[in-house]
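Worksheet for the structure shown next.
The values are calculated or read from the model by the stated rules, or taken from the named source; none is laboratory data. Since we're looking at a predicted model, the values are computed, not measured. A quick note on method: Cβ atoms are made from the backbone with ideal geometry, for glycine too, and the neighbour counts reach across all protein chains shown. Just the protein is used for accessible areas: all its heavy atoms, side chains included, with ligands, DNA and RNA removed. Shrake-Rupley method; radii C 1.70, N 1.55, O 1.52, S 1.80 Å.
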Amino acid sequence: MTDTLTELELDSLQEIMNMAFGQAAADLAEVVDVFVQLNAPRVQLLSMSQLEQHLISTIPSYETSRVVEQHYRGEGDGVALLIFPHGAEHQLVSLFQPEHDELLESDTILELEREVLMEVGNILIGACIGRLFDLLKRAVTYLPPRCTNGHAFTGLVESGGFAEDDFAIMIQTCFNFEDREVSGHLFLVNRQHSLPALRSALVEFWGNL
Amino acid sequence: MKATDILDTLPIGLVVLDRSYRVQSWNHWMTIHSGIQPNTILNHSVFNYYPGLNKPSFIRACKTVLTFGNVVYLSQKLHRYLFPFKLPGGDETDCEYMQQSCTMSPIHSEDGSINQVAIAVHDVTDAVRMERRLRRVNNLDDLTGAFNRRYLDQRLQEEFDRHRRYGRDLSMCIFDLDHFKDTNDSIGHLAGDHALIEVRKRVTTHLRDIDVLARFGGEEFVCILPETSLEDALQVSERLRASIEETELHWKTQQFKITASFGVATLSPEMLEARDMLEAADKALYKAKEKRNCVVSSAEFSGTQASPFEQAPRPQVTL
């Protein structure tokens, strides 16, 4: 039988996520110099086979949305997915583009927009995961982010080493960049085998309070 | 070799900064490319030596590493380089500065706090040069140096999408050299090639950086004119037409002139695809070719828009 978190453990994870995301929002305001509103995250368990359907029903025009995918390893093991609606990258370019404007003719705008998405994604993902595992006193390392779209995402899940009946802990939040009218969704999908480590971290965390 | 010496043998740059941006480590690779010895720069602010780094994107990257403890990747595509290491000049694809892909990572103290940032600097200049060369081959017309048809189709679609997003004007002109076959027949095909090259050069001097001049095929060229109204596009086209007409061409001992006919169109709400505008400009060109050496707007096929021109004479050759 597949190991999952109990309701009590899910509730405690929810509490920790609330704290982590509160701190992450404050940190982000300082780091990117823009107020990023992070909604209170919703934690739930999903099987990998339900994941795509969940994304399609949660995110408008999911297939054309942009997905920044960043795997993390260590005492937490999973993948963070930052999903922007199609076209959001155009808004973000002006916020994150480099200071020197000399764009060479060989660089298409599309490529630059993709790079900007990855850079923004890296910061947001790092802020949220970083704060979560900080609180849990667990160390994680990150692989470089990759950018794709919703249409191509199913394959990524399959190639990410997830089994169909694995349970993923979905930590879902929405974020908004103030003044930019850009919002998106962040999902953290933790691999099944990281559950015991997460469980012991939760026990330690509440035991130390 | 001591363990710390390994850093000096790596074929990448390694720099460690503290929270005040003071250099704590500067490996041999950095010394070679910067000309700055470690004992000169250590414990000094990196901004003293590289003031260009004191900019929001770099500060943001450092804060991200120090605050969140995550690794930041600064891609060459977005940032070009962090440390401006001048390169010797070269061909048209050459880069003035070494192109760098950088990774910034946190260094944890024993108590778990993060007080230092490690920057790994990878030289990706060769890859960038190769990519630029390939792009040039892929995007440019071999003979004239104008963009090719493939690139034109791609950019037209991108500009069309941009117009859809922001609603800004988008116009284009398509022009065809008059009596080009006669030029080829009377002076030779190499003279014809020379005329195409000179026309491309001449026209380019009248266009902005954001305009796209592409060879559409044979003796036909297309100019995409972003953020340009129909009225302005007609003026630009008239300037281009006059410029071509004025150009004296020389081929060996022969001197000749050439003219061009222009069809101009602007994107209107009823055009649902980028190719609709191209088709409208092409129809206007067809009308212009009836008179030759003139500019015709797609909005009014009944006559010339910018100015009525006499029919162009056949190419005149001076021996």
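Here the stretch B:101-130 and the stretch B:166-221 have alpha carbon centers that stand 48 Å from each other.
Taking Cα atoms only, the orientation of helix B:230-246 departs from the longest principal axis of chain B by about 70 degrees. In the structure shown, do any of B:LYS201/B:LYS291; B:LYS2/B:LYS77; B:LYS257/B:LYS287; B:LYS181/B:LYS252; B:LYS201/B:LYS287 have a Cα-Cα gap over 28 Å, and if so which? Going by Cα-Cα distance, B:LYS2/B:LYS77 fall outside the 28 Å limit.
Here's the picture: charge each Lys and Arg Cβ at +1 and each Asp and Glu Cβ at -1 in the protein assembly as shown, and of B:VAL124, A:LEU45, B:LEU190 the one pushed furthest to the positive end of that dipole is B:LEU190.
Rounded to the nearest 10 degrees, the inclination of helix B:56-68 to the longest alpha-carbon principal axis of chain B is 40 degrees. Computed from backbone phi, the HN-Hα couplings of the stretch B:104-115 come to 10, 10, x, 10, 8, 7, 4, 7, x, 6, 10, 10 Hz, rounded to whole numbers (Karplus: 6.51 cos²θ - 1.76 cosθ + 1.60, θ = phi - 60°; Gly and Pro given as x). For chain B, averaging the sequence separation of C-alpha pairs within contact (under 8 Å, six or more residues apart) and dividing by the residue count gives a relative contact order of 12 percent.
For peptide A:127-139, the mean count of partner chain Cβ atoms within 10 Å of a residue's Cβ comes to 2. Karplus-derived 3J(HN,Hα) values for the stretch B:290-299, using 6.51 cos²θ - 1.76 cosθ + 1.60 with θ = phi - 60°, are 5, 9, 6, 6, 8, 10, 10, 8, 5, 6 Hz; glycine and proline are entered as x.
Please list B:151-160, B:65-74 highest first by mean number of surrounding beta-carbon atoms within 10 Å per residue. Please report the intermediate quantities before stating the final value.
On the way: B:151-160: 18.5, B:65-74: 23.0.
Ranking, from highest mean packing down: B:65-74, B:151-160.
Our estimate of slack between B:ARG275 and B:LEU7, defined as 0.36 nm per intervening residue step minus the Cα-Cα distance, is 90.9 nm.
Considering only protein heavy atoms and a 1.4 Å probe, what is the carbon-and-sulfur percentage of the accessible area of the protein assembly as shown? In the protein assembly as shown, the share of accessible area belonging to carbon and sulfur is 51 percent. Protection proxy ranking, highest mean first, for peptides B:260-273, B:201-214: B:260-273, B:201-214, where packing is the per-residue count of other beta-carbon atoms within 10 Å, averaged. Mean per-residue shielding of peptide B:59-65 is 5, counting Cβ atoms of other chains within 10 Å of each Cβ.
Could I have the simple spin-label model distance between A:GLN37 and B:SER268, label points 7 Å from Cα toward Cβ, reported in nm to one decimal? Those two pseudo-labels are separated by 4.3 nm.
Arranged from highest to lowest average of other beta-carbon atoms within 10 Å per residue, in what order do the peptides B:219-232, A:34-47, B:130-143 appear? If you can, show how the numbers build up before the last one.
On the way: B:219-232: 20.5, A:34-47: 16.1, B:130-143: 14.5.
By packing density, highest mean first, the sequence is B:219-232, A:34-47, B:130-143.
How big is the Kirkwood radius of the stretch B:3-131, worked out from every pair of different alpha carbons and given in Å to one decimal? The answer is 15.2 Å.
Enter the mean number of other protein chain beta carbons within 10 Å of the beta carbon of each residue in B:266-274, as an integer. Could you put the intermediate results ahead of the total?
Details: counts 0, 0, 0, 0, 0, 0, 0, 0, 0.
Taking all residues of B:266-274 together, the mean is 0.
Amide H contacts of B:ASP178: B:THR259, B:ALA260, B:SER261, each under 5 Å away and 5 or more positions distant or on a separate chain (H built 1.01 Å from N in the peptide plane; Pro and chain starts excluded). Under 5 Å between amide hydrogens, built in the peptide plane, is the criterion, and for A:SER65 it picks out A:HIS86, A:GLY150, A:HIS151 among residues at least 5 positions away or on other chains.
Here the Karplus relation 6.51 cos²θ - 1.76 cosθ + 1.60, evaluated at θ = phi - 60°, turns the backbone of the stretch B:147-162 into coupling constants of 5, 8, 4, 4, 5, 4, 4, 5, 5, 4, 5, 4, 5, 4, 4, 5 Hz, with x for every Gly and Pro.
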